[in-house]
1. Inter-copy label distances at residue B:68, 7 Å along the Cα→beta-carbon direction, one decimal in nm, shortest first?
2. Any idea which of B:95, B:18, B:44 is furthest toward the positive side of the dipole for chain B, if Lys and Arg beta-carbons carry +1 and Asp and Glu beta-carbons -1?
3. What residue among A:29, A:72, A:20 has the largest mean-square fluctuation in a Gaussian network model of chain A, using Cα springs under 10 Å?
4. If we hang a label 7 Å off Cα along the beta carbon direction at residue A:28, how far is it from the matching labels on the other copies, in nm, shortest first?
5. Let me know the charge dipole size of the protein assembly as shown about its Cα centre in debye, to the nearest 20, where only the beta-carbon of Lys, Arg (+1) and Asp, Glu (-1) is charged.
6. Please give me the summed charge of the neighbours of residue A:22: other residues whose Cβ is under 12 Å from its Cβ, Lys and Arg +1, Asp and Glu -1.
7. Given charges of +1 on the Cβ of Lys and Arg and -1 on the Cβ of Asp and Glu, with all other atoms neutral, how large is the dipole of segment B:7-96 about its Cα centre, in debye to the nearest 20?
8. I want to verify a result. In a Gaussian network model of chain A, Cα cutoff 10 Å, which of these has the top mean-square fluctuation: A:28, A:65, A:56?
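Just so it is clear, none of the values below were taken in a lab; they were calculated from the coordinates. Since this is a predicted model, take the numbers as computed values, not measurements. Virtual Cβ from ideal backbone geometry, glycine too; neighbours counted across all protein chains shown.
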2 protein chains.
Amino acid sequence: MPRAATTSDVFNAIAETSRRSILAYLAERERPVNDVCADLNLPQPSVSKHLKVLREVGLVQTRREGRQVFYRTNASALRPVHEWSSLFERYWLRQLTRVKERAERGAGIR
Amino acid sequence: MPRAATTSDVFNAIAETSRRSILAYLAERERPVNDVCADLNLPQPSVSKHLKVLREVGLVQTRREGRQVFYRTNASALRPVHEWSSLFERYWLRQLTRVKERAERGAGIR
DNA sequence: TTGACATATTCCTATATGGGAATATACTGA
DNA sequence: TCAGTATATTCCCATATAGGAATATGTCAA
């Protein structure tokens, strides 16, 4: 079996570096496809394909205005990622505490 | 060009559902491979392969004890994911505020 | 209607994958 | 040394890419 489709969920969609760049770029305000290409220095067909993937998983939304199509990031679709990674926060905080304690003990002993 | 390797970075490694399950399972405490297989109901070769991917990107660490190899999640390797998704927090919070305001205005008018 | 701009789609291809099955390796205890 | 347990690796394969190039679709303005 191959890898799950990029459109199967948000985690697969954001695995690609360019798509993460696009999401960050479109978070502040909506932009036409052309701006994405120009500002991120990516070929237009590539951008259109990435945007399609992002749209299919709900990570971007669109609005047509004449010839242009404006895309914007739908930030809330990233909440599952944020929440999932948050599950691990206590563990790395605990880890940091341990490292710190060890360092302090070490400093005291020596 | 195919998709980037699953071992190319943390984002690609966690795209797979089973690997996310394994990370959650190994976050609390270290476990031998067999426990992962049994508790997550996954075939052993599959688990070994997933663990290899996770280890290559630093998401798990190992300790050998006799015949067994204990794996544990290295939570801090997930910080980049958490931090990246945090960039979007202000946007979905803003969005929620807007929705709320709109609802309240609507309620007042009607 | 036609030309020009904006975006989307189609074709093509090399490649990494995840699963299943079989097998190899590593280590222990008798 | 050998059997047995624990884990890792190898083989095989169907499949979904991402990129580049070419082309199609859509929309406006004159």
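1. Counterpart label points of residue B:68 in the remaining copies fall at 6.2 nm.
2. Toward the positive end, the furthest listed residue is B:95.
3. So, out of A:29, A:72, A:20, the one fluctuating most is A:29.
4. Sorted ascending, the copy-to-copy spacings read 4.4 nm.
5. 160 debye
6. Numbers: positive: A:19, A:20, A:31, A:49, A:52, A:55, A:72; negative: A:16, A:35, A:39.
So the environment of residue A:22 carries a net charge of +4.
7. Values: 14 positive and 10 negative charges, 25 e Å.
For segment B:7-96, the charge dipole is close to 120 debye.
8. Greatest mean-square fluctuation among the candidates belongs to A:65.
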